[in-house]
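The values are calculated or read from the model by the stated rules, or taken from the named source; none is laboratory data. Note that this is a predicted model, so its numbers are computed, not measured. Neighbour counts run over all protein chains shown; Cβ positions are idealised from the backbone, glycine included. Only protein heavy atoms, including side chains, enter the accessible area calculation; ligands, DNA and RNA are left aside. Shrake-Rupley method; radii C 1.70, N 1.55, O 1.52, S 1.80 Å.
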Amino acid sequence: DRVVRAGERQAAGGEVRVAVRAAGLNFRDVLLALGMYPGDATIGSEAAGIVVDVGDEVTDLTPGDRVMGLMPGAFGPLAVTDRRLLARVPDGWSLVEAAAVPIAFLTAYHGLVELARLEPGERVLIHAAAGGVGGAAVQLANHLGAEVFATASPPKWDALRAAGIPAERIASSRNVDFETSFRAQTGGNGVDVVLDSLAGEPVDASLRLLRPGGRFIEMGKTDVRDPDQTAASHPGVRYTTFDLMQAGPDRIHAM
């Protein structure tokens, strides 16, 4: 009921009201449905649909436009959101395809481009690379000209090979064997960037695998380390945690 009521009001100021046609499903939504998510939040966070009305500060969208983006309460028939959190749906995309893009690709872009500053020719280790954000990160890293190393559970390795990752640069996310195999593949030099969503010993193994000057970008929430202690234990490594929404509406709009 709260989701439905939130979309019933008209857009005001810099807002846009959207008739939702497809919504993306995220792990947070599963936790909310199970009553396991900490704090108060509304189920549904990304969608694609048709603009119904716009606030008086919005000049570049009109009713009937196809849009995708971050929309609180996206599982309802209507959603109201900040214009800066939306983008036009590219020609040729279905609204179902568009609804699955925003959070995964924004998160991957923010981590690899904005925070890690991944450069062509650098080596990047992407954990859980067959997942939503991981798959987006693999595409972006390839686009940027990086050398991609990836982990996933063995049944998902076919998806990584289909993404163009050589078999020798694929390892399991269920153990820490990747540390030895990837160090050998890099001639003992390690990697420049780690995009992480794992916890426990794989985090320590990944930190050891980073070369001096490497960047460890943490997306996970269950094993967050202290940046100062991490820097002391792994000299020259920059450890950064992030949450996409901390980037703010202006930065998200630019991305």
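Quick look at the numbers
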read-out	value
Per-pair calculated FRET efficiency, R0 = 22 Å: residue 40 and residue 221 via Cβ, rounded to 0.05	0.85
Packing-based order for 69-82, 228-241, using average beta carbon neighbours within 10 Å, highest first	69-82, 228-241
Protein accessible area in the range 86-130, 1.4 Å probe - carbon and sulfur %	57 percent
10 Å beta-carbon shell around residue 17, net charge (K/R +1, D/E -1)	-2
Helical mean residue ellipticity (222 nm; -39500 (n - 2.57) per DSSP H run of 4+; nearest 500) of the chain	-8000 deg cm²/dmol
FRET efficiency, residue 33 to residue 153 (Cβ-Cβ, R0 22 Å, nearest 0.05)	0.40
Highest-first arrangement of 123-130, 60-67, where packing means the average Cβ count within 10 Å	123-130, 60-67
Per residue value of the accessible surface for the chain (all protein chains in place, 1.4 Å probe), Å²	48 Å²
The range 110-255: C-alpha gyration tensor shape, a/c 1.5 cut-off, then a/b vs b/c	rounded
Degrees between helix 132-143 axis and first principal axis of the chain (Cα, 0 to 90, nearest 10)	70 degrees
Beta bridges per DSSP with both ends in the chain, % antiparallel, nearest 5	50 percent
The chain, relative contact order in percent, only Cα pairs under 8 angstrom and at least six apart counted	15 percent
DSSP bridge orientation in the range 24-170 - percent antiparallel, rounded to nearest 5	60 percent
The range 193-233, accessible surface, carbon-and-sulfur percent (1.4 angstrom probe)	52 percent
Theoretical gain in end-to-end length, residue 19 to residue 199 [0.36 nm per residue, Cα-Cα removed]	61.0 nm
Pairwise label distance in nanometres, residue 180 with residue 12, each label 7 Å out on the Cα-Cβ vector	6.3 nm
In nm, spacing of pseudo-spin labels at residue 65 and residue 167 (7 Å Cα→C-beta vector)	4.9 nm
